[in-house]
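To keep things clear, I will list the structure first and then write my remarks on it.
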Amino acid sequence: MKTYLAKPGEVVARWWLVDANGKVLGRTATRIADKLRGKDKPVFTPSTDTGDFVVVVNAEKILLTGKKLDDKFYYRSSGYVGNLKSASARKMLKERPEEVLRLAVKGMLPKNKMRPHLLKKLKIYAGPEHPHSSQKPEPLNV
């Protein structure tokens, strides 16, 4: 019996809609990462993009458990000496709520050349409106 390997042209990508209102960040990011990779499909192949598109709305209303709002920090640097910037999760949710969820999903994807390609299939919006209604995304229960 031969092992089946999915080819990129054979896989049909579906669109999913996730409402992040009142959802926990880590649990939501895990489900989104699995959908982006296609791990729930029987034709899943690790070296091929077999995943779906995911649209997330209400990213500004996502929850962090415990004391993470004040204890969790996000760091970025330009590479120059003394240029390390940090922001707490509370500040990031206030200023750039889409980036909090994007970084959580990014950390759960494989660290290889497919990660940037998979992240392009993730569409995150802070409010309840999104421009992908013509793709008819199906609601995803998280």
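The values are calculated or read from the model by the stated rules, or taken from the named source; none is laboratory data. Here the structure is a predicted model, which is why all the values come from computation and not from measurement. Glycine also receives a Cβ, built like all others from the backbone with ideal geometry; neighbour counts cover every protein chain displayed.
Summary table
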{"quantity": "Residue that is surrounded by 11 or more Cβ atoms within 10 Å (Cβ to Cβ) and either on the phi > 0 side of the Ramachandran plot or not in a helix (DSSP H, G or I) (or both), where the choices are Asp70, Asp49", "calculated": "Asp49"}
{"quantity": "Count of the range 11-58 residues which are free of Cβ contacts under 8 Å to residues at least 60 places away in the same chain and of a type in the set (Val, Ile, Thr)", "calculated": "7"}
{"quantity": "Check on Phe73, at pLDDT 95 or above, of a type in the set (Phe, Trp, Tyr), out of contact with any Asp or Glu (no Cβ under 6 Å at 6 or more places or on another chain) and under 25 Å from Lys136 (Cβ atoms)", "calculated": "no"}
{"quantity": "Set Ala6, Ala29: member being among the hydrophobic types (A, V, I, L, M, F, W, C), modelled with pLDDT of 95 or more and surrounded by 12 or more Cβ atoms within 10 Å (Cβ to Cβ)", "calculated": "Ala29"}
{"quantity": "Matching residues in the range 115-142 - criterion: being over 14 Å from the mean Cα position of the chain (by Cα) and either small (Gly, Ala, Ser) or buried (at least 17 other Cβ atoms within 10 Å of the Cβ) (or both)", "calculated": "Gly127, Ser133, Ser134, Pro137"}
{"quantity": "Failed item in (1) among the acidic types (Asp, Glu); (2) buried (at least 16 other Cβ atoms within 10 Å of the Cβ); (3) in a loop (DSSP other than H, G, I, E, B), with Glu60 passing the rest", "calculated": "(3)"}
{"quantity": "Selected residue (criterion: surrounded by the most Cβ atoms within 10 Å (Cβ to Cβ)) from residues of the range 32-46 that are assigned to a loop (DSSP other than H, G, I, E, B) and not hydroxyl-bearing (Ser, Thr, Tyr)", "calculated": "Gly38"}
{"quantity": "Top-ranked residue of the range 1-49 - restricted to ones that are more than 14 Å from Lys121 (Cα to Cα) and of a type in the set (Phe, Trp, Tyr), ranked as nearest to the chain's Cα centre (by Cα)", "calculated": "Phe44"}
